[in-house]
1. On a straight-distance basis, which lysines could pair with Lys180 in a cross-link, Cα separation under 19 angstrom, same-chain partners fewer than 8 positions away excluded?
2. Can you give me the Kirkwood hydrodynamic radius for the chain, using every pair of distinct Cα atoms, in Å to one decimal?
3. Which of rounded, prolate, oblate describes segment 143-241, given a ≥ b ≥ c as roots of the alpha-carbon gyration tensor eigenvalues and a/c under 1.5 marking rounded, otherwise prolate only if a/b is larger than b/c?
4. Which residue fluctuates most in the GNM of the chain (Cα springs below 10 Å): Leu322, Leu17, Leu255?
5. Could you point to the residue in Ser130, Gly148, Asn309 farthest towards the positive end of the chain's charge dipole, with +1 and -1 charges on the Cβ of Lys/Arg and Asp/Glu respectively?
6. Within a Cβ distance under 11 Å of Leu343, other residues only, what is the Lys/Arg minus Asp/Glu net charge?
7. Normalised by the residues of segment 184-271, what does the relative contact order come to in percent, with Cα pairs under 8 Å and at least six apart?
8. Using +1 on the beta carbon of Lys and Arg, -1 on that of Asp and Glu, and nothing else charged, what's the dipole of segment 185-311 about the Cα centre, debye to 20?
Amino acid sequence: MFGAFASPLSAICIILLLCLLLLLGATWYESSKAEYPPGIANPKLLRTLHTFATASMIVAKTLDKLGICSFEGFFRFLQKTFVSKLTDDPEVFKKDLQFGGVPVRVYQPRTPSVGGRKGVMFFHGGGFLSGSIDRYDLYCLHITKNSGAVVVSVGYRLAPEHICPAALDDCLMATVHFLKTAEEHGVDPSSVIICGDSAGGNLTAGVCQALVGRSDLPKPLAQVMIYPVVQMADFNLPSYQQNKMVPLYLRSIALHSSLTYIGGDLSLSKELIKGSHVPPEIRQKLSRWLSSEEFTVKGYKPHIMAPFNNDIYEKVKKALDLQCSPLFSDDAVIRQLPQAYILTCEFDILRDDGILYKKRLEDNGVPVTWYHVKDGFHAIVSFFGHPEVISGKLAMDNVVSFIKNL
């Protein structure tokens with residue numbers, strides 16, 4: 001009776017075993033390319049996380065090619081599956097709302113306050129492709145509980161379904177709504193801080209720039225940018241050269257995220273690396289900024305970009321719009337921005353994005369508080385709750401301290 005099924009069942013088992021062996025082999029090969037520089041924090045943990053991420057990417061690409069599930073959809077599924085159980089805290093009240101049609105979660109301290117509290121608009125990371133309110137629930141809960149501020153976490157739309165400027169539009173819409181209704185949430189309208197990490201740092205810069213000149217709204221008290229991406233022109237900055245193969249944010253991932261966010265063809269990643277999409281006026285600005293001491297002391301070897309190719313530029317020009325690359329905004333806008341806090345990590349490709357934005361702000365008279373994690377890697381602040389990741393906790397404590405003491 002079972003004989004008829006034995007052969008097909010055996011064949012299926014063999015196929016599954018071969019698939020598993022192929023996955024393990026491919027994972028080992030790809031993950032072995034990663035680099036863990038001397039002095040980087042928690043290399044064993046980082047290696048484990050990168051190996052899992054590599055296996056996930058291989059599976060995601062396979063499912064995408066087979067038409068079973070999109071690359072981004074698979075990662076969102078993983079995040080939703082493995083996200084920590086949402087935590088209720090007796091000291092914090094949480095409520096899911098809509099601000100101007102944009103989903104948000106509001107975190108309010110339950111303790112009474114004399115006068116209006118500070119407010120924090122928070123934009124999560126995830127390369128514009130993933131991340132969510134739930135994924136950053138503990139993150140925002142911690143900021144609220146330890147700073148006394150009301151935090152509004154924004155669930156902006158993600159690419160590739162919603163390309164640039166959808167994410168920025170959502171964050172701006174939610175921020176404008178909050179600035180107009182802050183008192184309803186116990187917040188002083190003049191004490192609202194715009195905050196975000198990674199892609200959220202980009203959105204923070206974009207929202208603050210978009211609010212410049214708005215006489216109908218209170219000016220944000222400050223902008224907090226945690227390892228922000230602020231430009232999509234030069235993928236050979238010193239930090240990109242140094243850390244292109246350092247987890248958790250490889251240069252290949254950054255290129256994929258950037259192109260997906262603008263709705264570009266992923267096959268153009270090599271052109272972006274060469275810089276053939278960058279017009280002369282932006283090259284001149286980068287050359288001038290990168291000649292400063294902040295970059296010469298790092299042993300920066302200037303990358304000679306390929307000749308400007310207008311055809312390539314036309315295909316990816318959105319990457320250089322201010323909505324994607326707020327670094328290139330005019331001085332007249334930059335000098336009107338609120339005081340800033342910028343956190344960077346030594347072993348992060350986005351380190352010099354943050355330093356470049358710091359320089360632009362300081363050159364235009366905007367006060368900047370800079371916190372540099374000397375052994376840090378990208379996303380280290382998200383590990384603030386892991387006792388073994390000491391630098392992550394110290395970094396989060398520094399962010400909270402800045403907000404609390406404003």
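Since every read-out is calculated from the coordinates, none of them should be taken as a lab result. These numbers come from a predicted model, not from an experiment. Here the Cβ is made from the backbone with ideal geometry for all residues, glycine too, and neighbour counts use every protein chain on show.
1. Output for Lys180: Lys95, Lys118, Lys219.
2. Evaluated on the chain, it is 22.2 Å.
3. Since a/c reaches 1.5 and a/b is larger than b/c, the shape of segment 143-241 is classed as prolate.
4. Leu17
5. Sorting the options by dipole projection puts first Ser130.
6. Local charge sum for Leu343: 0.
7. Numbers: 85 pairs, mean separation 21.7, N = 88.
Computed value for segment 184-271: 25 percent relative contact order.
8. Computed about the Cα centre, the dipole is about 340 debye.
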